[in-house]
Each structure stands twice: as C-alpha cells, then as structure tokens.
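These notes concern the structure reproduced below.
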Amino acid sequence: MEVVILPGGKPIAALAADAIEALLRRKPDAVLGLATGSSPLPVYEELAQRHERGGLDFSRVRAFTLDEYVGLPAGHPEAYREVIRREFTDRVNISPDNVRGPDGQAADIPAACRTYEDAIRDAGGVDLQLLGLGTDGHIGFNEPGSSLASRTRIKTLIEQTRRDNARFFGSLAEVPHHVLTQGLGTILEARHVILIATGAQKAQAVRDLAEGPVAAICPASVLQLHPHATVLLDEAAASSLRLADFYRHSYDGKPRWQGL
Ligand code: GLP
C-alpha cells in the first residue's frame, strides 16, 4: 500500500486525475470503478475540466459504480446512479450505456447482484477503482463485520453511516436502511485501487486501514492485501498515522516516472 500525504483536496484530485489520464492514454477502453460520497468529487471536477479543455476522451470508457441504495425510486436525486450521472458521467463523453450500477430496485435482489458481478467480469474487470472511506472504515457500503471475501450483495447500514449520509437527504428518516454494494472480494479484484480520504473525521479510520490489523472491524484494511493500492490523504486525515514521516519521505524520493 502506498500512502501519499498532500496539502489538500486539489493536489489529491490532480494526482488521482493524472493516474486516470495515464490509464486512458494507455488503454482508451479502460474500465473505471466510480465511487460516490464527497471525497471523489474534486477528481470528477478535474476530469471534467481535462475533458473540456484538453479533450481527454472517455468515449470508449466503461464504468461501474460501487454501490446503491435499495428502494429509492428511479431518478431520485440521491440514488447513486443519479449522483454519478450528475457529478461526472454527464460532464464527460462516456456513453450512458457504458455506465452501470447495482440495481437497487430489482425485484430479485440476489439475481441482480449476480448479474452485476457477471457484468464486471464480462467487461474484463475494473482497471482503476476510486474509493472513499466511511468514518467507520467502510468502503463501498461494506460496513464493519463484512466478509473480507464478499461479493456484490445487500447490506444493512450502520446508524453512523445513515447519520453521516443524512446531509444529502432531507432528514435521517429518509436515508434508506438497505443498500447493494460490491463486496470486498469484488473490490480487491480491481487492478489498481485509489482511496481518497480528507478531514480529521477520517483520521482514525485511516489509521485503522493503513496501520491496523487486517480485520473486518475496519473493512478498508482489506486493502493491505491488494497488490496495488494507493491511499491519498490530506494532512488532517493523515494526522493519526504512526508512519506519516516515512510515507512523506518515500513519496518525496519516489522517481516521478513511476506514477501512482
Ligand atoms: C458513502 C459511500 C462510500 C463513501 C462514503 C464516504 O457511504 N457509500 O462509497 O466512501 O460515503 O463519503 P464521503 O466521501 O462523503 O465522506
């Protein structure tokens, strides 16, 4: 796992966008894994600008979202399908047909989850997966206690996550209790994972994920088993790390040709 500590959201977004741009230049039909939440928004903004100003081309890109609420009506502004469309895919030239997410309205949820896993596999797997981090250490909607080998499935949200996400809804009562999420085993199969965490409220989860034991109590800690995981942090999110100075030292001395 590579931990990179940067001065703030903008340089984090630029670095993540650099990695995505390099991937698209190498592989124009790359498969991107998209995350919701506020952490990846500056990356989407940066990519939209690179598309607009520099012609960064997404025409052959395929994208899969991480998770979805169960039971929100089609077109609900907080359905992750809508959030991703509004914040990112409508702003670049990805064909809407090439953007998929777990179907939170399916009558047969287990079948919809299997279909989603099949679709990711049929696309050749995810090349680069963006991730945020819940304050309880979740990635996607894999709450503490999730199987480290899990696949796309239905999960129940912990109250802390519902409270964290209530800011996007009118009230806590409107936040669904159930969600569909790619599993930790699914996420581990992405070829490169970039997790972004900013703010002091993430500091403990960041420490648990990078320096704690690999354990279901902090689902993101499973990324310690990933061969190519990058963790991009601002100073506040990095403030509880024991090895912060070492991470800074390694990144400062890293040959830039390596990229992320
Ligand atoms: C939600 C999403 C996660 C995201 C998390 C953190 O729970 N399902 O994918 O990582 O929020 O969100 P934020 O980046 O807004 O802190």
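Laboratory data are not the source of any read-out in this text; all were calculated from the coordinates shown. All values reported here derive from a predicted model rather than from experimental measurement. Ideal geometry is used to build each Cβ from the backbone, glycine not excepted, and the neighbour counts take in all protein chains shown.
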Over the chain: helical MRE at 222 nm, DSSP H runs n ≥ 4 each giving -39500 (n - 2.57), nearest 500: -9500 deg cm²/dmol
Fraction of beta bridges assigned by DSSP in the range 2-253 that are antiparallel (%, nearest 5): 30 percent
Rg/Rg_ref, the chain, where Rg_ref = 2.2 N^0.38 Å and atoms are Cα: 0.95
Estimated FRET transfer efficiency when R0 is 30 angstrom, pair A173-A215 (beta carbons, to 0.05): 0.40
Relative contact order, percent, the chain [alpha-carbon distance under 8 Å, six or more residues apart]: 24 percent
Label-reachable residues, the range 243-259, where backbone N falls under 18 Å from a point 7 Å from R25's Cα toward its Cβ: 255-259
Where labels lie 7 Å past Cα in the beta-carbon direction, separation of R242 and A74 in nm: 5.2 nm
Estimated FRET transfer efficiency (D108, S250; beta-carbon r; R0 45 Å; 0.05): 0.40
Among V126, V83, V43, residue whose mean-square fluctuation peaks in a GNM of the chain (springs only between Cα atoms under 10 Å): V83
